[in-house]
2 protein chains.
Amino acid sequence: MRLPTLFRAGATQAAIKPSGKPDLALLISGNPCNWAFVGTLNRAAAPCVSRSRRIYASGGQLQAVVVNAGNANCATGELGVQADSKMAQLAATQLGVPENAVLTGSTGVIGQPLPVEKLEAGLPKIGLVSHIDPFLEAIMTTDLAPKKAEATLSNGSRIVGVCKGSGMIQPNMATMLAYIVSDAEVSQDELRQGWKGVIDRSFNQVSVDTDTSTNDMAVLMTNGASGAPDLSEFWRAVEQVCVSLARQLARDGEGATKLLTVRVCGAASDEEARRAALSVASSPLWKSAVYGNDPNWGRIMMAVGKSGVEMLEARTRIALQSMALFEGRVMPFDREAASVAMKTEEVLVEIELGIGQGQGIAWGCDLTEGYVQINALYTT
Amino acid sequence: MRLPTLFRAGATQAAIKPSGKPDLALLISGNPCNWAFVGTLNRAAAPCVSRSRRIYASGGQLQAVVVNAGNANCATGELGVQADSKMAQLAATQLGVPENAVLTGSTGVIGQPLPVEKLEAGLPKIGLVSHIDPFLEAIMTTDLAPKKAEATLSNGSRIVGVCKGSGMIQPNMATMLAYIVSDAEVSQDELRQGWKGVIDRSFNQVSVDTDTSTNDMAVLMTNGASGAPDLSEFWRAVEQVCVSLARQLARDGEGATKLLTVRVCGAASDEEARRAALSVASSPLWKSAVYGNDPNWGRIMMAVGKSGVEMLEARTRIALQSMALFEGRVMPFDREAASVAMKTEEVLVEIELGIGQGQGIAWGCDLTEGYVQINALYTT
């Protein structure tokens with residue numbers, strides 16, 4: 001996928017992944033970018049997340065991203081902090097940009113210090129090209145599919161987004177990294193005001209297994225090379241790219257055979273709608289039923305109820321694959337037909353709460369024996 | 001297990017469970033009891049939970065409990081509310097006690113109205129005995145083991161507790177019902193003040209799959225027949241009974257092969273310690289690792305971190321089966337020996353946060369293909 005104007009990216013094999021696959025990647029803009037950032041809320045956050053927060057708070061511009069896969073550099077103490085800082089320094093020197101204009105990211109095994117010597121040997125080998133694919137390939141761990149999306153605005157500005165996640169490598173957890181870059185001209189203030197809302201309606205609405213990574217981050221960078229866009233068009237497109245990536249993340253969840261999409265409307269607020277949707281999309285019991293093609297709507301009701309949002313049984317309506325199952329009371333429905341309708345790549349649950357105007361969507365996947373096997377049987 | 005003085009219990013087959021097993025049960029005290037109650041926080045709570053809350057709030061005494069299994073009578077509208085009320089009325093008439101002194105409980109399938117005619121036919125068939133076992137057998141759904149515990153105080157008062165849970169029947173979710181009865185003489189105020197704390201340290205610290213039932217309740221009843229106990233001894237014994245039941249619940253979690261016990265100390269508060277412990281005990285990634293005998297402590301660190309409690313990597317210590325894995329930094333440990341040490345009926349994780357004096361314990365189980373199969377493949 002072609003990068004927006006002035007962006008370049010590349011990757012190499014630095015022998016951090018045991019598989020020998022590409023594992024060290026650079027992304028750079030020809031000029032400094034305005035940017036927006038969110039990082040994991042996990043209190044055991046990795047040094048790259050803490051460092052990113054620090055340089056983000058300083059308010060300066062960003063010009064490059066350096067990411068490694070195969071090692072999360074988390075829970076690695078002072079050594080890990082130093083390795084992360086060294087990673088930024090090496091990339092900055094090589095690219096000729098200030099150290100604080102370089103964002104670091106790591107994903108992979110927890111608890112092993114990042115091997116600085118491999119970074120030193122690997123970084124100079126990276127050739128930069130005008131498409132994102134080598135970068136994306138290098139940041140993947142056990143993702144089965146590369147996740148990318150793009151949009152073009154009416155002024156010609158482009159938005160390209162990539163992310164990795166829902167895979168795992170021994171002995172680590174699923175991690176999510178997302179990079180969205182654009183040549184649109186958007187102020188730092190505007191970016192920072194808008195980004196959290198997009199995240200709340202895209203990445204924050206994905207659940208594979210309710211476990212929050214120590215290394216998650218999502219970054220939005222604009223270099224202005226293609227001029228100022230219509231701002232509402234820009235944000236619509238950014239959100240569209242992020243929602244596409246979020247769906248790809250959920251569909252590629254560990255062991256997943258299906259994408260699960262949950263739409264809630266009629267909630268007391270958008271926040272309550274999103275909370276209810278995410279509760280259904282992440283319920284192990286409902287996810288197991290999705291896997292088994294079981295139209296067990298009682299579990300949907302349970303999951304909405306446990307989210308704590310305002311609801312009344314008599315006003316609640318539940319549809320599964322567009323079949324009405326509950327409309328204030330149990331509807332007569334053909335169980336066999338509903339089960340057959342669930343045998344698809346995407347299962348859609350629609351819930352109307354009848355309380356207010358709040359709307360929200362969440363994405364998840366089915367829970368399968370594969371999830372357990374990936375995370376239990378094939379690791380030690 | 002023999003009931004405390006003046007308590008009697010019994011059960012019958014009322015054909016509510018399709019299996020034809022006992023499914024309708026009564027528990028009664030010869031005199032009115034002081035009592036304490038907690039019910040599910042699920043907003044889609046069943047009529048029995050709402051009714052219990054209402055009569056609890058009225059402040060009166062309780063004398064009997066009537067419970068059915070095989071039908072949760074949840075999401076069943078006005079018909080369900082009427083059936084629940086009828087159930088109390090029938091039991092009250094038969095036992096000769098006021099209707100508001102009878103607590104109802106239901107567990108099983110969601111979304112089907114409770115068949116009142118089966119209650120009418122079944123209740124008169126129940127013979128009352130002085131032990132709890134027929135009652136316990138009748139409230140079980142797919143529990144593999146009956147869960148019971150008892151304690152005797154120095155004044156001769158006895159405490160007997162039973163619960164069901166972590167099983168499921170098609171098409172329903174795990175549900176937890178717990179009944180603790182004693183012949184100790186304890187005031188209603190004292191019971192109500194103490195019960196929530198016991199729950200917070202026992203049943204609220206169990207997780208099988210993070211899905212909260214619509215029908216959960218836990219009830220403590222004392223009839224005073226054996227006189228006043230030492231109150232601190234009474235509460236210690238009640239808590240011991242509840243913790244025993246909580247452990248039994250976790251061990252019998254759907255598909256579980258192991259009990260997972262997580263102890264946290266050195267937290268900022270007891271509440272934070274319990275929250276961190278429960279986060280580890282319910283993490284799908286750590287639970288999968290427990291199943292696979294994988295001493296993957298990075299997942300423990302992740303799960304503590306995602307709980308949001310105050311922590312510092314440099315002060316955190318993690319031990320697994322008494323082997324130190326992390327003490328502010330990665331410890332050298334024998335992976336193979338740690339894996340072998342995990343091949344037992346109970347896996348113990350100990351976490352020291354080094355922040356304050358807060359302590360807490362949680363109980364869970366491993367996540368296995370069996371969980372997925374029970375909830376996906378064997379239902380439709």
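Read-outs throughout are calculated quantities, based only on the coordinates presented, and are distinct from any laboratory measurement. Predicted, not measured: the structure shown is a model, and the values here were computed from it. We place every Cβ from the backbone using ideal geometry, glycine too, and count neighbours over all the protein chains shown.
Distances between equivalent label points of A:Gly30 across the copies, with each point positioned 7 Å along Cα→Cβ, amount to 9.5 nm, shortest listed first.
Just the number, please: Stokes-Einstein D of region A:137-272 in µm²/s, Kirkwood Rh from C-alpha pairs, 37 °C, 0.692 mPa s. List each step's numbers first, then the result.
On the way: Rh = 15.7 Å.
My calculation gives 209 µm²/s for D.
Across the identical copies, the label point of B:Gln82 (7 Å from Cα in the Cβ direction) is separated from its matches by 7.7 nm, in order from shortest. Across region A:1-104, the mean sequence separation of Cα contacts (distance under 8 Å, 6 or more residues apart), normalised by length, yields a relative contact order of 27 percent. For region A:259-377, the relative contact order is 46 percent, taking Cα pairs closer than 8 Å that sit 6 or more residues apart in sequence and dividing their mean separation by the residue count. Computed over region A:1-93, the Cα gyration tensor eigenvalues convert (square root of 5λ each) into semi-axes of 22, 20, 12 Å, ordered from largest to smallest. Here the sum of -39500 (n - 2.57) over DSSP H runs of 4 or more residues, divided by the residues of chain B, equals -9500 deg cm²/dmol at 222 nm, to the nearest 500. Scattering from the C-alpha atoms of the protein assembly as shown alone, worked out with Debye: what is log10 I(q)/I(0) at q = 0.05, 0.07 1/Å? Log10 I(q)/I(0), no solvent term: -0.28, -0.53. One way to sum up the overall shape of region B:259-377 is the equivalent ellipsoid from its Cα gyration tensor, whose semi-axes run 23, 17, 11 Å, largest first. What residue among A:Ala57, A:Asn31, A:Asn42 has its Cα farthest toward the positive end of the dipole of region A:7-251, where the charges are +1 on Lys, Arg and -1 on Asp, Glu, each on the Cβ? Ranked along the dipole, the leading option is A:Asn42.
Counting lysine pairs in region A:7-251 whose alpha carbons fall under 24 angstrom apart, excluding pairs fewer than 8 residues apart on the same chain, gives 22.
For region B:297-353, what is Rg from Cα atoms divided by 2.2 N^0.38 Å, rounded to two decimals? All intermediate terms of the calculation are to be shown ahead of the outcome.
Numbers: Rg = 11.5 Å, N = 57, 2.2 N^0.38 = 10.2 Å.
Normalised Rg, Cα atoms only: 1.13.
Compactness of region B:192-338, taken as the C-alpha radius of gyration over 2.2 N^0.38 Å, stands at 1.21. Straight Cα distances below 21 angstrom link A:Lys287 to the lysines A:Lys258, A:Lys306, A:Lys343, B:Lys287, with same-chain residues fewer than 8 positions distant left out. Within a Cβ distance under 11 Å of A:Pro229, other residues only, what is the Lys/Arg minus Asp/Glu net charge? It works out to a net charge of -3. Proximity of backbone amide H atoms, modeled 1.01 Å from N, is registered between A:Asn73 and A:Gly111, A:Gln112 at under 5 Å, excluding neighbours fewer than 5 places apart on the same chain. Of all beta bridges that DSSP places with both ends in the protein assembly as shown, some 70 percent have antiparallel geometry.
Relative contact order, whole percent, for region A:7-251 stands at 25, derived from Cα pairs under 8 Å and 6 or more residues apart. The HN-Hα couplings worked out from phi for region A:25-41 by the Karplus form 6.51 cos²θ - 1.76 cosθ + 1.60 (θ = phi - 60°) are 9, 10, 9, 9, 9, x, 9, x, 10, 6, 7, 9, 8, 10, x, 4, 8 Hz, whole numbers, x standing for Gly and Pro. Computed from phi, the 3J(HN,Hα) profile of region B:149-162 under the Karplus parametrisation 6.51, -1.76, 1.60 (θ = phi - 60°) reads 7, 8, 8, 10, 8, 5, 7, x, 4, 10, 10, 10, x, 9 Hz, with x in place of Gly and Pro. Projecting the Cα atoms of A:Thr261, A:Ser307, A:Ala341 onto the charge dipole of region A:259-377, computed from C-beta unit charges around the Cα centre, puts A:Ser307 farthest toward the positive end. Note that region B:329-342 has calculated 3J(HN,Hα) couplings of 7, 4, 9, x, 9, 7, 4, 5, 5, 5, 5, 4, 5, 7 Hz, one per residue in order, obtained from phi through the Karplus relation 6.51 cos²θ - 1.76 cosθ + 1.60 (θ = phi - 60°); glycine and proline are x. Dimensions of chain B from C-alpha coordinates, computed as largest minus smallest value along each principal axis and given longest first, are 68, 52, 33 Å. When restricted to Cα atoms, region B:184-255 yields an Rg and a Dmax of 13.9, 43 Å, respectively.
Ascending distances from the B:Met1 label point to its copies in the other chains, with the point 7 Å along the Cα-to-beta-carbon line: 5.8 nm.
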